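Undergrad: Below you'll find the structure I mean.
The values are calculated or read from the model by the stated rules, or taken from the named source; none is laboratory data. No experiment lies behind these values; they were computed from the predicted model shown. Virtual Cβ from ideal backbone geometry, glycine too; neighbours counted across all protein chains shown.
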Amino acid sequence: MTLAVRVPEELSARVPAEQRGPGRQRDDVRLLVSRGTEPAHHAFRELPCLLRAGDLLVVNTSPTLAAAVNGRIAHARVVVHFSTRGDAAYGGAARWAVELRDPDGRGTTRARAGGPAGTEVRLPGGVRLTLEEPLSPGSGRLWWARAAGGAGAGGRGAADVPGLLREHGRPIRYSYTERDQPLSVHQTVFALPSADGAGSAEMPSAARPFTAGLVAELVSRGVQFAPVALHTGVASAEVHEPPYPERFSVPEASARLINAVRAGDGRVIAVGTTAVRAVESAMGPDGVVRAREGWTDLVVTPGRGVRVVDGLLTGLHEPEASHLLMLEAVAGRAAIDRGYEEALRGRYLWHEFGDVHLLLPEEGPAEGPHGEHCFSNCP
């Protein structure tokens, strides 16, 4: 899906909401709400007015990694983006899917050709990274690579990549942002540390506007939360490739809660496309969501459709982004076209620090701050 729109450069969110003015907070983002083809404008802090008791928000608990590390190939400087940690199914935990980028002199990076196999990248702390094979046939952007050496490895054993990222890494940054940000800025309120050091190369950013206070208010109004995890890899910023296999986990308690809400009159609303991919991957042929973990290669398209979620809270995506196919699967092409036209007209901000879009079914119960399910103390 490609939208027939052009996003002006000035609509890229260059800094987080809380840095855009005195007194601003994380939930001071704008919220475009689409019920079918009817968009409405809200502030994100009004979200409790737009949901109802019994609704379920599925949230991604994957932490964001400091996934960008400087390195050298011979005398040339490169930046390594550590994307996805492997396991036994993908050549062992010592392997990572990585993307090599060229520094552009402005603190960000530009695309470079990957490979060839055997290329060695020298990293801080005596770590050596060796490219082994492309992540998928015909794609040279992401490569499986094995890291060796460094502290405690005796120069030959597998390197401690999570330790390398903690000591020498920084969050991945793209050219539309103004400056580097500390890792804490890239963590959502739902992020939980992973025992094996796995995490997301890029923030599950749809959840970023949530604050602890807003979560407490939602819970007090009867909105429930189901945590899942999907460790998202490096997006293809230049060519918008479809997503590749990623690690995910749907716990037993979350699976039961999702099934209970689907059996009642509540709505299952995913917070982010990563949450959609996780829960849709956990549904069996019988229509029941079960506890599951492993790798998913599911690509949600309009042809495949969605079987678990009723709605989606998501950021605003580039017109060429593959994520738009998932949005179309949730809400339909007409709703996405109309919503993006309205987002442009209203000058909403794009990307991970930008505004957000809530896609709800047309029969959604609340029509805004004055709907029958809203509360008097809502903004």
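Undergrad: Just a yes or no: is a residue in the range 120-130 in contact (Cβ under 8 Å) with a residue 60 or more places away in the chain and of a type in the set (Lys, Arg)?
TA: Start the filter on the range 120-130 by keeping residues that are in contact (Cβ under 8 Å) with a residue 60 or more places away in the chain, which leaves none.
Within the range 120-130 (the criterion being in contact (Cβ under 8 Å) with a residue 60 or more places away in the chain and of a type in the set (Lys, Arg)), the answer is no, since none of the residues qualifies.
Undergrad: Would a scan of the range 304-316 turn up a residue that is assigned by TED's automatic domain parsing to the domain that holds Gly346, within 22 Å of Val98 (Cβ to Cβ) and within 15 Å of the chain's Cα centre (by Cα)?
TA: no
Undergrad: Could you go through the range 119-135 and let me know if any residue there is in the same structural domain as Trp295 (by TED's automatic domain parsing), under 24 Å from His323 (Cα atoms), touching a Leu at 6+ places or on another chain (Cβ under 6 Å) and buried (at least 18 other Cβ atoms within 10 Å of the Cβ).
TA: For the range 119-135, residues in the same structural domain as Trp295 (by TED's automatic domain parsing), under 24 Å from His323 (Cα atoms), touching a Leu at 6+ places or on another chain (Cβ under 6 Å) and buried (at least 18 other Cβ atoms within 10 Å of the Cβ): absent.
Undergrad: Further question: Got at least one residue in the range 324-343 being surrounded by 24 or more Cβ atoms within 10 Å (Cβ to Cβ), in contact with a Phe, Trp or Tyr (Cβ under 9 Å, 6 or more places away or on another chain) and small (Gly, Ala, Ser)?
TA: Yes, because at least one residue in the range 324-343 is surrounded by 24 or more Cβ atoms within 10 Å (Cβ to Cβ), in contact with a Phe, Trp or Tyr (Cβ under 9 Å, 6 or more places away or on another chain) and small (Gly, Ala, Ser).
Undergrad: Here is a further query. Residues of the range 76-95 being of a type in the set (A, V, I, L, M, F, W, C) and either outside the structural domain of Val161 (by TED's automatic domain parsing) or assigned to a helix (DSSP H, G or I) (or both), which ones?
TA: Ala88, Ala89
Undergrad: Further question: For the range 101-112: of the residues being in a loop (DSSP other than H, G, I, E, B) and in contact (Cβ under 8 Å) with a residue 60 or more places away in the chain, which is nearest to Ala76 (Cα to Cα)?
TA: Asp104
Listed here are the residues, each with its yes/no results for (1) of a type outside the set (S, T, N, Q); (2) buried (at least 24 other Cβ atoms within 10 Å of the Cβ); (3) modelled with pLDDT under 95.
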{"site": "Asp265", "(1), (2), (3)": "yes, no, yes"}
{"site": "Val276", "(1), (2), (3)": "yes, yes, no"}
{"site": "Val279", "(1), (2), (3)": "yes, yes, no"}
{"site": "Ala291", "(1), (2), (3)": "yes, no, no"}
{"site": "Val299", "(1), (2), (3)": "yes, no, yes"}
{"site": "Gly303", "(1), (2), (3)": "yes, no, yes"}
{"site": "Val309", "(1), (2), (3)": "yes, no, no"}
{"site": "Leu313", "(1), (2), (3)": "yes, yes, no"}
{"site": "Ser322", "(1), (2), (3)": "no, no, yes"}
